[in-house]
Each structure stands twice: as C-alpha cells, then as structure tokens.
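Undergrad: Quick one: structure below, then a few questions.
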Amino acid sequence: MYTLPNKLKVFALVFMVLGAVGIVAGFLSAPKTTEDVAAMMADAHHGDGHGDAEAHHGDGHGEVEATHHSGESHHGTESHAASEDHHGEEMTHEHAQADPHQEHLEHVMHQLQNRPWSALYIASFFFFMIALGALAFYAIQYAAQAGWSPILFRVMEGITGYLPVASVLVFVLLLASAFHFNHIFHWMDPELVNPESAHYDKIIAGKSGYLNVPFFLIRALFFLLGWNAYRWLSRKYSLADDTAEDQSFFKKNFKLSAGFLVFFIVTESIMSWDWIMSFDPHWFSTLFGWYVFAGMMVCAITVIALVTIYLKSQGYMEEVNDSHIHDLAKFMFGFSIFWTYLWFSQFMLIWYADIPEEVTYFVTRIEQYKLPFFGMIAMNFVFPLLLLMNSDYKRVNWFVVMAGIVILAGHYLDVFNMVMPATVGESWTIGVPELGALMFFFGLFIYVVFTTLTKAPLVPKNNPFIKESKHFHY
Amino acid sequence: MASKVIHALYNDDDILMNAVKTVRAEHYHIEEVYTPFPVHGLDKAMGLEGTRIAITSFMYGVVGLTVAILMMNFIMIEDWPQDIGGKPSFSYLENMPAFVPIMFEMTVFFAAHLMVITFYMRSKLWPFKKAENPDPRTTDDHFLMAIDAGHGDVKAMMKVLEATGAVELNIVEQEQAH
C-alpha cells in the first residue's frame, strides 16, 4: 500500500493556496467600470510597462468585436481595415470621438472581466481532460485485453480519481456561465436570439435549437454522469477483482469498457463542440472532436508516465521496468504526431479554402496569439518528435519526464488558444490569473490523484494478464 | 577451408530461446539461427549488435525532406510561379501549408525505400540470389541453430545440445565463405 508522503501533501496544498490567492487577485484586479479600464490603458500608453494586455488593445480591437458581435459572417477580412482605422482615430481624436471610444472601453472592460473566468475555465478543463483521457485509455486497455499494461491500472485509476472532483468543478463553471456570472460563452446572451434586439444574431439564432442554455446543461450533466458512472463501476470491479475467486469481475469490466468507449467517443465529440468550440459560435470544424481527443490522450498518457516514474523513483512498483516506460513514451510520441496531424488537417483545409467565416478563426490566432499559437506547435510536435524519436531515449526516465513536461505545457497552451481568443481577444497575457488557476488545479490534481493511490494496493492481484504485465519486456 | 558446423533443430521458439542462452553460457559460437518467423528477443539472446538502420532511416528522411522542399520550390515558385489557393504570394514560406503533404510523403518515401535498399545491400540479398538456407524445414515449422564446431570437443557439444531439447542434430562440413 502506498501512503501519501507528507511532503507531497504540503507541496500540493502550497500550490492550492498560492493558486487560490492568484485566482482571487485575478478577480479583484479585473476592472469594474470603464473608468478603471481608461486608467489602466492610460497607464500602459504612458509606458508604465503595465503588461502587454493593456499595451495592445488599441490596435485591432475592431476585429475581436467583429468576431463577437457582428451578425454577418464576413468579418475575418473586413475587420482588418476597420481596426486600423479605429486605431488611428483613437490616437488622434481621443476626446473628440467620445462615443466610439466609450464603446471601445466597454468592450475592453468585458474582455478583462472575462479574463479571470477564462483562466479558471482553461485550467479546470485542462486537468479535467487529463482525468477523462486517462479513463478512456484505461478502458482501451481493458477492451483490448492488453497484456503489458495491467500493472499500471492502479496508476490510471488514481488519475481518474480526479474525474469526479473535476466534473463538479467544470459543471459549476458551466453553471456560472449559464446564470450570467460571466460572459465567456458569448452565445448565452439572450439578446442575440431576440429578433427585436439590436444585437440580434441570425447565425446564432439559427443554431439556438441546439445551442441553448437548458439543453447545453442537460447534455453536460448527461455526459458527466455517464463518464463518472463508468469510472465508479470499473473502479469497484477492479478492486473486487483483487479478492475474487474467478474472473467474473474482469469480464464485467471488459464488457463495461467496450460499452463505455462507444459512449465516450460520441459524447467526447459533442462535449468538445459544447465546451470549447461554442466559444466561437459562428465557426465550426468537423474534426474538432478528434482534435480535442488527441490532445486529451497525449496529456493523459504523459501524466500516466510521469506518475509511474515518480512512484518508481520512490521505491514503489518495482515490477515496472524500462519496457513499460518505453511503451508509454511510444504512445506519447505517437499521439503527439496524431495531434499534429489533426491540427494540421484542420488548419490546412481552412487556410486553403480561405472562406472568410472559417478563416477568421486562424486569422485572429495568428495575428493576436502569434507566440502561443506557433510556440505550441513547436512544443507539441517538433520537441517530442525530435526528443522521443530515438528508441533508446524512450527508456531514459529523465528524457521522458522532460518531454512530458513540455508536452503538458504545450497542451495547456493549446487549450489556451482554443478558448482565450474568443473570450478575451486582444487583452490576453499569461499572468497572475492564468498561473494562479493553473497552480490551484495542479495542486488539487496532485492531492486527489495521490490520495486515490493510497486507497488500494498499487498492483492489481487477480487480473488475468498481471503476470504477463510483470514480465513484460521488449 | 572446410569447417565443421553443428545444425541443431528445434520445434518451438521458447525452447530455441533457452537453447541459445545455454549455448552462449557454454561459450560456444553460434554462427546463425534460422527461424520460420521473427522470434522476439532472439537478437538480444544471441548477443547481436543493435541495428543501425534507424539512423540511416533518419538521414534518408532528412534527404527526402530536403528534396521535397527544393523540388516544390523549383516547380511551384521559381520555374512556373503558381497562384496557390487564390493567394498569389509567390513565396515558399507563405504557401508552405500546401506543400506539407508533399514534404511528408517524400520524407516517408525516401526513408522507406532507401532503408529497404540498404537492408538488402547489408544482408547481401539481390534478385535471383540462391537461398542460403541450410534446411528448408526452417521455412515451415522448425528452428535451426548453426554452431561452430571447429575447435571444440564435438561430443561434449552434442551432449549439451541434446540437453537443450534439440529434436535433431547434424554435423555438417561446409565450405567457408569467408
């Protein structure tokens, strides 16, 4: 049995406390009125070095506005010119043109108010998707009756132990959006689907049969309950299997896992449209579900490898050998390339066709998020490709750890790029709210995962493949 | 110069693996093992050096990538400039997404084909080459281990081999290739 070391507990709690402080600071520093925004902008314009966010929003705000509020679908290219105009106007006649200026201030205020919520949502979703990905990977191992992996089942179960906690947190955040505590989901604004309103948006109104708040919440609840039900049952059977006389619990888990995978791949896809793609309600991509899935899997497998290496370094799980790490690293490598393949497939088709309503998604990201957008491709593709290509390196623990950390950071940026451009637009930075939220959920994740690991022996006993797994060598 | 070789035949890959380990522990020299299918871990048990073909593969891939880039740059940008996807930038970099599939395919094409050719050359295989297989049963259900019996006590060796579970033992005089 594994006992939670005090050091690790303190480590996790420190991260949670520091993170919570960061989150609160993020919410407190968000502007309440347009005067606050004006003051912040004035600071930045006078070169106080108040951070990039404030320094940038003069230029190109028109584009974000277009993405957000315009009913037409041609904003991608048009808004360019518009934004340059605005910029010039602002600089020269800041006082003469009170109205558009006021409008702009309000717009920036909404972006900055969205920022701490978005930061919270991204970090919360990022760790949620690690737990969910680990659950899917676990189900695949059962359904495929894999011989190499049963020795890692308790590690996977430990990681999926975070799923119930993450589900509650994500759902609370979705509720907060649904009840208008924040406006990160732009389409939830009832004005947009009201034909009487000045803000009426024909496209969003057209989608409202699917994209409406009650149905959205019902779907979310249904998915979360389904995933957690599988997690709860499979864990129960897995523990019962340790003391069982026969293989009945293994068989139950096998059937359950096969069923879950069917449920998962459909619901995961819909979840990615709902929880991520709907941030840009005008835009859609048919392979988005796969894209999110690939990122989810690579993160989950990386975390499985990191936790396994950590436990092994602490003297647990002696039977885990190089070959197990090698296999996990192969999955990290493979899924990194799979992720890139999907990322590129999505990008190239949209880039090639150059249809305004589609291409605006990438125009926004390349123009306003150049560093995270291209940096993420280097971190998620080039780095793991070169580092993990060599067969021998996949067996060297510190290589796997190094690649793993970069991959995780890269996929955090990937989620960041999926969410932030639609919610805060130009006014982004990675500062206190983002790092605070990341630290908080990291601490919580570590605490929950390692507490779950203490609840059961680290190696399953009665699994029919456990002997093969212990002797696994490549 | 003729040399003596013992051919030990086995009918199971696990028995063969253990036999290889025993023979190596006795410090006899295994010349070659013939199997009807690839036996996992046999190379390690025989103490063969790791293959370097992965390194050549990487280099061929880099060559393929370079060829693809130069080729596409010449064809689509320099020789006959193309307006790609309604974006007449006439720059390789700005049109790069359109070239990525070709860059990828050429990388794979070069790596795969040149790697196979390298493998054939290293293994001295070419069309119409006469098979070096000492016993056709190794293409069906038997495993054959060829042990150099040149300098050892043949009787003692036969005893060891028999104990490893060989189903058949033959002493063969062969013309040495090297």
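The values are calculated or read from the model by the stated rules, or taken from the named source; none is laboratory data. Quick caveat: nothing in here was measured; it's all calculated off a predicted structure. Neighbour counts are summed over all protein chains in view; Cβ atoms, including those assigned to glycine, are modelled from backbone coordinates with ideal geometry.
Undergrad: Is it the case that some residue within segment A:296-307 is assigned to a helix (DSSP H, G or I), out of contact with any strand residue (DSSP E or B) (no Cβ under 8 Å at 6 or more places or on another chain), more than 21 Å from A:PHE264 (Cβ to Cβ) and within 14 Å of chain B (Cβ to nearest Cβ)?
TA: No, every residue in segment A:296-307 fails to be assigned to a helix (DSSP H, G or I), out of contact with any strand residue (DSSP E or B) (no Cβ under 8 Å at 6 or more places or on another chain), more than 21 Å from A:PHE264 (Cβ to Cβ) and within 14 Å of chain B (Cβ to nearest Cβ).
Undergrad: For segment A:342-375: of the residues being among the small types (Gly, Ala, Ser) and in contact (Cβ under 8 Å) with a residue 12 or more places away in the chain, which is nearest to the other protein chains (Cβ to nearest Cβ)? Show your work before the answer.
TA: To start, the set of residues in segment A:342-375 that are among the small types (Gly, Ala, Ser) comprises A:345, A:353, A:375.
From what's left, in contact (Cβ under 8 Å) with a residue 12 or more places away in the chain: A:345, A:375.
On the way: A:SER345: 10, A:GLY375: 17 Å.
If we take residues in segment A:342-375 being among the small types (Gly, Ala, Ser) and in contact (Cβ under 8 Å) with a residue 12 or more places away in the chain, then A:SER345 is nearest to the other protein chains (Cβ to nearest Cβ).
Undergrad: Failed condition for B:GLU49, given (1) within 30 Å of A:VAL359 (Cβ to Cβ); (2) free of Cβ contacts under 8 Å to residues at least 40 places away in the same chain, with all others met?
TA: B:GLU49 satisfies all of (1) within 30 Å of A:VAL359 (Cβ to Cβ); (2) free of Cβ contacts under 8 Å to residues at least 40 places away in the same chain except (1).
Undergrad: In segment A:445-465, how many are surrounded by 18 or more Cβ atoms within 10 Å (Cβ to Cβ), in a helix (DSSP H, G or I) and more than 16 Å from the chain's Cα centre (by Cα)? Break it down stepwise before answering.
TA: The first filter runs over segment A:445-465 and keeps only residues surrounded by 18 or more Cβ atoms within 10 Å (Cβ to Cβ), leaving A:445-450, A:452-453, A:456, A:458-460, A:463, A:465.
Still in the running and in a helix (DSSP H, G or I): A:445-450, A:452-453.
Then keep just the ones that are more than 16 Å from the chain's Cα centre (by Cα); that gives A:446-450, A:452-453.
Residues flagged as surrounded by 18 or more Cβ atoms within 10 Å (Cβ to Cβ), in a helix (DSSP H, G or I) and more than 16 Å from the chain's Cα centre (by Cα) within segment A:445-465 amount to 7.
Undergrad: For segment A:236-257, which positions are touching a residue at least 12 places away in the same chain (Cβ under 8 Å) and outside any helix (DSSP H, G or I)?
TA: A:ALA244, A:GLN247, listed by residue number.
Undergrad: Exactly one of (1) away from chain A (no Cβ under 14 Å); (2) assigned to a loop (DSSP other than H, G, I, E, B) is unmet by B:MET115. Its number?
TA: Unmet for B:MET115, out of (1) away from chain A (no Cβ under 14 Å); (2) assigned to a loop (DSSP other than H, G, I, E, B): (2).
Undergrad: So B:LEU48 ticks every box in (1) in contact with a Phe, Trp or Tyr (Cβ under 9 Å, 6 or more places away or on another chain); (2) more than 14 Å from chain A (Cβ to nearest Cβ); (3) under 28 Å from A:SER323 (Cβ atoms) but one. Which box is left unticked?
TA: Among (1) in contact with a Phe, Trp or Tyr (Cβ under 9 Å, 6 or more places away or on another chain); (2) more than 14 Å from chain A (Cβ to nearest Cβ); (3) under 28 Å from A:SER323 (Cβ atoms), B:LEU48 violates only (1).
Undergrad: With a cut-off of at least 2 residues that are among the aliphatic types (A, V, I, L, M) and more than 21 Å from B:PHE99 (Cβ to Cβ), name the helices (runs of 4 or more DSSP H) lying wholly within segment A:325-434. Walk me through it before giving the result.
TA: Working: elements: A:356-368, A:370-377, A:383-388, A:397-423.
The qualifying helices (runs of 4 or more DSSP H) are A:370-377, A:383-388, A:397-423.
Undergrad: Would segment B:68-77 turn up any residue that is more than 27 Å from A:LEU385 (Cβ to Cβ), at pLDDT 90 or above and small (Gly, Ala, Ser)?
TA: No, that holds for no residue.
Undergrad: For segment A:331-341, name all the residues that are in contact (Cβ under 8 Å) with a residue 24 or more places away in the chain and more than 14 Å from every other protein chain (Cβ to nearest Cβ).
TA: A:PHE331, A:MET332, A:PHE335, A:SER336, A:TRP339 - these are the residues of segment A:331-341 that are in contact (Cβ under 8 Å) with a residue 24 or more places away in the chain and more than 14 Å from every other protein chain (Cβ to nearest Cβ).
Undergrad: Out of A:LEU225, A:LEU233, I need the residue that is without any contact (Cβ under 8 Å) to a residue 12 or more places away in the chain, over 19 Å from A:ASP280 (Cα atoms) and assigned to a helix (DSSP H, G or I). Which one? It would help to see each step written out before you state the result.
TA: Values: A:LEU233 fails: without any contact (Cβ under 8 Å) to a residue 12 or more places away in the chain.
Answer to the check: A:LEU225.
Undergrad: Filter segment B:65-111 for residues that are free of Cβ contacts under 8 Å to residues at least 12 places away in the same chain, part of a helix (DSSP H, G or I) and more than 12 Å from every other protein chain (Cβ to nearest Cβ) and give the result.
TA: B:THR66, B:LEU70, B:PHE74, B:ILE75, B:GLU78, B:ASP79 - these are the residues of segment B:65-111 that are free of Cβ contacts under 8 Å to residues at least 12 places away in the same chain, part of a helix (DSSP H, G or I) and more than 12 Å from every other protein chain (Cβ to nearest Cβ).
Undergrad: I would also like to ask the following. B:ARG24 is checked against (1) more than 21 Å from B:ASP141 (Cβ to Cβ); (2) of a type in the set (D, E, K, R); (3) not in a helix (DSSP H, G or I) and fails just one. What number does that condition carry?
TA: That leaves (3) as the condition not met.
Undergrad: Next question. Condition first: surrounded by fewer than 13 Cβ atoms within 10 Å (Cβ to Cβ) and in contact with a strand residue (DSSP E or B) (Cβ under 9 Å, 6 or more places away or on another chain). Now tell me which residues in segment B:61-93 satisfy that.
TA: none
Undergrad: Now for a separate question. What number of residues in segment B:142-162 are farther than 15 Å from B:GLU31 by Cα and either free of Cβ contacts under 8 Å to residues at least 12 places away in the same chain or within 21 Å of the chain's Cα centre (by Cα) (or both)?
TA: 6
Undergrad: Which of the residues belonging to segment A:170-203 are surrounded by fewer than 20 Cβ atoms within 10 Å (Cβ to Cβ), assigned to a helix (DSSP H, G or I) and in contact with a Ser or Thr (Cβ under 8 Å, 6 or more places away or on another chain)?
TA: A:GLU191, A:ILE203
Undergrad: Of the residues that make up segment A:251-265, is at least one closer than 30 Å to A:PRO421 by Cβ and hydrophobic (A, V, I, L, M, F, W, C)? First the steps, then the outcome.
TA: Keep residues of segment A:251-265 that are closer than 30 Å to A:PRO421 by Cβ, which gives A:264-265.
From the residues that got through so far, the ones that are hydrophobic (A, V, I, L, M, F, W, C) too are A:264-265.
Taking every residue of segment A:251-265 in turn, at least one turns out to be closer than 30 Å to A:PRO421 by Cβ and hydrophobic (A, V, I, L, M, F, W, C).
Undergrad: For segment B:33-75, enumerate the residues that are in contact with a helix residue (DSSP H, G or I) (Cβ under 7 Å, 6 or more places away or on another chain) and over 30 Å from B:ALA8 (Cβ atoms).
TA: Correct list: B:THR56, B:SER57, B:TYR60, B:GLY61, B:VAL63, B:GLY64, B:LEU65, B:VAL67, B:ALA68, B:ILE69, B:MET72.
Undergrad: I'd like to know if segment B:134-145 contains one or more residues that are modelled with pLDDT under 90 and either surrounded by 11 or more Cβ atoms within 10 Å (Cβ to Cβ) or basic (Lys, Arg) (or both).
TA: So far as segment B:134-145 goes, yes, one or more of its residues are modelled with pLDDT under 90 and either surrounded by 11 or more Cβ atoms within 10 Å (Cβ to Cβ) or basic (Lys, Arg) (or both).
Undergrad: Taking the condition of being of a type outside the set (A, V, I, L, M, F, W, C) and crowded, with 24+ Cβ neighbours inside 10 Å, how many residues in segment A:119-148 meet it?
TA: Just the residues of segment A:119-148 that are of a type outside the set (A, V, I, L, M, F, W, C), to begin with: A:121, A:124, A:133, A:138, A:141-142, A:145, A:147.
After this cut, where a residue has to be crowded, with 24+ Cβ neighbours inside 10 Å as well, the list is A:121, A:133, A:138, A:142.
Result for segment A:119-148: 4.
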